[in-house]
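Colleague: Have a look at the structure that comes next, please.
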Amino acid sequence: MNGKIFLGTAGVALFAGLAGAGSRALAQTSADADSPAAAAAHTGFSELGGAALYANICAACHMPAGEGAVGAGFYPALASNPRMIAKGYPLYVVVKGMNGMPPMADMMTDEQVADVVNYIRTNFGNSYSDAVSPAEVAALR
Amino acid sequence: MGEFPQIPMTKRDLLSMIGKSAGAGAMLMAMAPLGQAHASTFTGPINLQGGGTGKSVLILGAGIAGMVAALELTRAGYQVQVLEYNARVGGRCWSLRGGDSYTELGGATQNCTFSDGNYLNPGPWRIPTEHGGVIHYCKELGVPLEPFQQNNYNAYLHHTDAFDGKPQRYKTIQADYYGHVAELLAKAVRQNALSDTVTADDAEILLESLRSWGALDRNMRYVASNAASGRRGWAKGPGGGLTAEPIPSEPMDLSSVLKSGLWRNIATHMTNEHQHAIFQPVGGMDRIAAGFGRAVGHLIRHNAKVTSIRQSDAGVVAEYEDTRTGEKLTAAADYCVCTLPLSILAQIPLNVGPDMAAAIRAVPYRPSLKVGLEFKRRFWEQDEQIYGGITSTNLPISQISYPSDKYGSSGPGVLLAAYSGGSFAYEMTALPPEERIRRTLEMGAMIHPQYREEFVSGISVGWHRVPFVLGCFGMWSEETRARHYSNLCQIDNRVVLAGEHASYIGGWIEGAVTSALDAVTRLHQRIQAA
């Protein structure tokens, strides 16, 4: 596809105003195909804090209450999911991706990854107090 | 030339002769060195020689890859059965029209209320010249194509930081960018700054070419002139009668053009896949799916959710569930062509070797969003003289594409009002559909203020919420290609995969077509050899 997203600072501010969320431009790659993202920048997320990150990004697939969804395939529920017990698991999946789930390593900072993993592990019926630190995220990259 | 008579021949004579003596396949191969063949790996219709030998093939997925496989294997004499999750054929080759309803994961249902003849293609939406496989099947299946307006010189380039956010005509930016670059280069040549690489003879030719390319004046300057205005647009255009004399416009200065960043969009239209001529099916992309449906629809079982795929020395058995009745069923065959997206297949038990299994799990799916908005009138044509083509913007909507059909009609028209990837696609997908429409309207109105007055309705598709694919298309990196691609495409005992994910033309229908043709050809060879 042909569209390119070149988000300057004004673009960020603008969308922040429109959506309560924004995007920061990162590197660009991919010779693939008929998609704007192919030609466009890999854009990172500007949301801060676990709740905002979850609601604006993760909820696209895992749904607003972490309930997941089922179609021809499925998005696993994060709510009351025993796999959240070990913090390394959700941390790994967020950074590296899983099957069709894209890795978030290039889209989120260490702080953002830590925040959103900690948010998931302390909400939606999960209550695990051993938090992930940004340093642990950095070590996994 | 050997056996050919020693008389002057045109290329066409030669090709006609090869065609008569050796068949169409040979002709297509012969065309390649003359630079006329299609640029994908499609080299003409396949012909699986030797018959299906009484064998059966189970095809999973009735998208384009699955239906190409079904069509060609049936022709070869195989007994074919297809399982499809959706109630319709086509997969991502899909159009939404008035009367259609779409329920995404999470349960939100959108009812499309577009007027008759208007549509949104949520997935693929155009067919490049070089995608010869798709064009071949369109021709064969009676799917008429029409020109898709890719680059419209009168459409806009827009950046919120450039020209106070006022959109610029593509032609103006291109003319000024080319003109200034030509002038600069001409200056360097005339100052002998390039004499170490450009001979004096070549310098003369280069200068002449720069004058032509950049619309420079006799002094090799890019200035207000009839030549420059003939490209960038006039202050007052030419006409007839007493007030006919045109008034040239004033080019922008180089710095403004460079700092605007709008030159970035010039290269967009230069890639092979975006060069004119480029096409769309008349009436919507799903006309291609419908064409295949006419040919192989009787082989397809719909509403079939595959839950496991097991192969053994005896054959392949797929378990599936009828999504309407909940009934659990099985389908068995000697071989299996699986075209399920990898995002889905990775979640289904399948006993293939570790290499293919790893490949299936190695491909993340790209986020992507499309929004279609219907407006009461075609203001882009009536007010702004934009007939088809694409406006590009740095706003998260990324682009606005104007319909390439029914120019000049007075009724409502539908714009592709957002086509985005990256972070914005996730963010928009996470929102309720009505909120996606609201934000798309708000952003688009910065380019076309008429949005506010003329809006009728809209529909949005965030591909990560599409139940049958969980993403837009497979994203390969150089690393994953090197490590997994051939493992993905190899036949694993009785199972072979096909689809855009098993191609180097990811996200385009041509990838699905060429992948399916390659897969069934290799499968057929293996069966013949067995």
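We did not get these values from a lab; they are worked out from the coordinates using the rules stated. Worth saying up front: this structure is predicted, and the values here are computed from it rather than measured. Ideal geometry is used to build each Cβ from the backbone, glycine not excepted, and the neighbour counts take in all protein chains shown.
Colleague: Using the beta-carbon distance between B:Arg221 and B:Val456 and R0 = 56 Å, what value does 1/(1 + (r/R0)^6) give for FRET efficiency, to the nearest 0.05? Let's see the in-between values first.
Modeller: Details: r = 49 Å, r/R0 = 0.88.
Here the calculated transfer efficiency is 0.70.
Colleague: Now for a separate question. Could you work out how far helix B:170-190 tilts from the main Cα principal axis of chain B, as a 0 to 90 degree angle to the nearest 10?
Modeller: 60 degrees
Colleague: Setting aside same-chain residues fewer than 8 positions from B:Lys187, which aspartates and glutamates have a Cα under 20 Å from its Cα?
Modeller: Qualifying aspartates and glutamates at Cα under 20 Å: B:Asp176, B:Asp196, B:Asp201, B:Asp202, B:Glu204, B:Glu208, B:Asp217, B:Asp253.
Colleague: In nm, give the distance between the simple-model label positions of B:Glu245 and B:His136, each being 7 Å from the Cα along the Cα-to-Cβ direction.
Modeller: About 6.0 nm, to one decimal.
Colleague: Among B:Ile447, B:Leu497, B:Pro433, whose Cα projects farthest towards the positive end of the dipole of the protein assembly as shown, with charges put on the beta-carbon of Lys, Arg (+1) and Asp, Glu (-1)?
Modeller: Result: B:Leu497, furthest along the dipole toward the positive end.
Colleague: Through the Karplus equation 6.51 cos²θ - 1.76 cosθ + 1.60, θ set to phi - 60°, convert the phi angles of region B:58-63 into ³J(HN,Hα) values in whole Hz; use x for Gly and Pro.
Modeller: Going residue by residue, I get 9, 10, 9, x, 10, x Hz, with x marking Gly and Pro.
Colleague: What's the magnitude of the charge dipole for the protein assembly as shown around its Cα centre, counting Lys and Arg as +1 and Asp and Glu as -1 at the beta-carbon? Answer in Debye, nearest 20.
Modeller: Computed charge dipole of the protein assembly as shown: roughly 660 debye.
Colleague: Given 10 °C and 1.306 mPa s, compute D for region A:70-141 with the Stokes-Einstein relation, Rh being the Kirkwood radius over Cα pairs; round to the nearest whole µm²/s.
Modeller: 127 µm²/s
Colleague: Okay, moving on. Amide H of B:Ser56 versus every other amide H placed in the peptide plane: which residues, excluding those fewer than 5 positions away on the same chain, fall under 5 Å?
Modeller: B:Gln79, B:Asp334, B:Tyr335
Colleague: Right, here's the next one. Can you pull the Kirkwood radius for the protein assembly as shown, inverse mean 1/r over Cα pairs, to one decimal in Å?
Modeller: 27.1 Å is the Kirkwood radius here.
Colleague: Oh, and also: PRE reach from B:Ser486 (point 7 Å along Cα→Cβ): which of region B:335-377 fall under 17 Å by backbone N?
Modeller: B:354-360
Colleague: For region B:374-451, max minus min Cα coordinate along each principal axis, in Å, sorted largest first?
Modeller: Projected onto its principal axes, the Cα set of region B:374-451 covers 37, 22, 21 Å.
Colleague: Per residue and in cubic angstrom, what volume does the convex hull of the Cα atoms of region B:60-186 have?
Modeller: So the per-residue hull volume is 223 Å³.
Colleague: Let me ask something additional. Counting each pair of different Cα atoms once, what's the Kirkwood radius of chain B in Å, rounded to one decimal?
Modeller: Across chain B, the inverse of the average 1/r is 26.0 Å.
Colleague: Hey, what number do you get for chain B at 222 nm if only DSSP H runs of n ≥ 4 count, each worth -39500 (n - 2.57), divided across all residues, to the nearest 500?
Modeller: Taken over chain B, the calculation gives -9500 deg cm²/dmol.
Colleague: Taking the Cα atoms only, what angle lies between the long axis of helix B:286-296 and the longest principal axis of chain B, rounded to 10 degrees?
Modeller: Roughly 30 degrees between the two axes.
Colleague: Let me ask something else about it. May I ask for the angle, rounded to the nearest 10°, between helix B:509-529 and the longest principal axis of chain B, with both axes built from Cα atoms and the value confined to 0 to 90°?
Modeller: In chain B, helix B:509-529 runs at an angle near 30 degrees to the longest axis.
Colleague: With contacts defined as alpha carbon pairs under 8 Å and 6 or more residues apart, what's the relative contact order of chain B in percent?
Modeller: Answer for chain B is 19 percent.
Colleague: Additional query: If amide hydrogens are placed 1.01 Å from N in the peptide plane, which non-local residues have theirs closer than 5 Å to the one on B:Leu145?
Modeller: B:Val282
Colleague: Pull up all non-local amide H partners of A:Ala72: gap of 5 or more, or a different chain, and H-to-H distance under 5 Å with H placed in the peptide plane.
Modeller: Under 5 Å from the amide H of A:Ala72: B:Phe468.
Colleague: Checking the cross-link filter: which lysines have an alpha carbon closer than 25 Å to that of B:Lys406, excluding same-chain neighbours under 8 positions apart?
Modeller: By straight Cα distance, B:Lys406 reaches B:Lys139, B:Lys171, B:Lys370, B:Lys376.
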